[in-house]
Amino acid sequence: MTSSAAIPVIAIHGGAGTLSRNSISADQERTYHDALRCVLLPPQRLLASGGSALDAVTLAVEMLEDCPLFNAGHGSVFTHDGTHELDASVMDGANLRAGAVACVSRIRRPVRAARAVMEHSEHVLFVGPGAEAFAESVGLEMVSPGYFSTDARREQLQRALAASKTLLDHDGAALVFGNTPQTGTPLDESRKFGTVGAVALDARGNLAAATSTGGMTNKRVGRVGDTPLIGAGNYADNRTAAVSCTGTGETFMRAVAAYDVCARMAYGGQTLEQASTEVVMDALPALGGTGGLIAVDANGNVCLPFNSEGMYRGFARIGETPQTAIYR
Ligand code: ASP
């Protein structure tokens, strides 16, 4: 099959998690749908005017980073020590080039830094102060770490700290997220994985993926999850698919989840839907993994599976009305 006839498409996610549906109003739910729709429109326009998948995913993730509703950029969660450590990555499916940053706390839009690593360095992954020095050297906007903080995230850390006292020895997600429901958001923020991501197919048949996160609330300082690891939380290859993940990062790393979707398609002849669904519904749960992923293939198929109760998600083909969803 050729991809020349496929309609360009952008898909995004804003994290997966446990529902708090009973505690939110229709207005609050609409806020999230509106935010997702607002993020889909500019990259959809960009793709419609012949823009690249790489530019579309970078733009979508930048907008999600700027939106405080999602755990990436402004509005990122806190570490155990009350600091921020952000991770991001990007991959170009046309040539398998990739870039990533991890444990950064001064780069306003980490996805731009990931892209700069890909385009302006001979490396793939920079961490901590070295990543920040690199970002500064290529002229990216730097901020003080306080820029990422919001009151809602600070309260979330307090709840997680309190809950972890009673949840020690339980599984990682319960330990990290605690068990006190939070009101006002469709997904329970104390149990939500808040990474953001985007995948796209452009008119030339190129695929790209980008992912960005504040990580997991109450994570230990220095902990790095799947988001900046190429193959674990993010992967793109024109021959198979572009994939961006969200969930318990440690299990996505052990499953090499994003690459596994592509490998199942390449070596096992699976469709995008079979490969994505088996990774999310079988391979990850077998390791205790919770979350989901978004994926698009060169024929413009889109698959958005998750094994949690909900996942903020949406997609927009050019010429069509964007679709957004939170629950099953
Ligand atoms: N996967 C991310 C991490 O482990 C968390 C998330 O998806 O929200 O850092």
Only four residue types carry charge here, +1 at the Cβ of Lys and Arg and -1 at the Cβ of Asp and Glu. Report the dipole size of the chain about the Cα centre in Debye, rounded to the nearest 20. 200
Extension gain from Asp27 to Asp151, taking 0.36 nm per residue of separation minus the Cα-Cα distance: 42.6 nm
With the cut-off at 31 Å, report for the chain the share of all Cα pairs above it, as a whole percent. 22
If amide hydrogens are placed 1.01 Å from N in the peptide plane, which non-local residues have theirs closer than 5 Å to the one on Ala209? Met91, Gly93
Summing -39500 (n - 2.57) over every DSSP H run of at least 4 residues in the chain and dividing by its residue count gives a helix-only mean residue ellipticity at 222 nm, to the nearest 500 deg cm²/dmol, of -10000 deg cm²/dmol
Cα→Cβ-extended label distance, 7 Å offset, between Glu136 and Ser121, nm: 1.4
Between Arg220 and Ser144, what FRET efficiency comes out of the Förster formula 1/(1 + (r/R0)^6) with R0 = 22 Å and r the beta carbon distance, rounded to 0.05? 0.45
State the Cα centre-to-centre distance between the stretch 80-98 and the stretch 303-328 in whole Å. 22
Two-site label geometry, Ala266 and Asn95: point separation in nm, points 7 Å out along Cα→Cβ: 1.8
Residue (of Thr217, Phe306, Ser276) at the positive-pole extreme of the stretch 189-328, dipole from beta-carbon charges: Thr217
How far, in degrees from 0 to 90, does helix 110-120 lean away from the longest principal axis of the Cα atoms of the chain, to the nearest 10? 40
I'd like the carbon and sulfur percentage of the solvent accessible area for the stretch 1-134, probe radius 1.4 Å, heavy atoms only, ligands and nucleic acids excluded. 53
Tell me, what is the per residue accessible area of the chain in Å², probe radius 1.4 Å? 37
Accessible surface of the stretch 223-328, 1.4 Å probe, proportion on carbon and sulfur as whole %: 50
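The values are calculated or read from the model by the stated rules, or taken from the named source; none is laboratory data. Since we're looking at a predicted model, the values are computed, not measured. Neighbour counts are summed over all protein chains in view; Cβ atoms, including those assigned to glycine, are modelled from backbone coordinates with ideal geometry. Side chains are part of the model used for accessible areas, which takes the heavy atoms of the whole protein and leaves out ligands, DNA and RNA. Shrake-Rupley method; radii C 1.70, N 1.55, O 1.52, S 1.80 Å.
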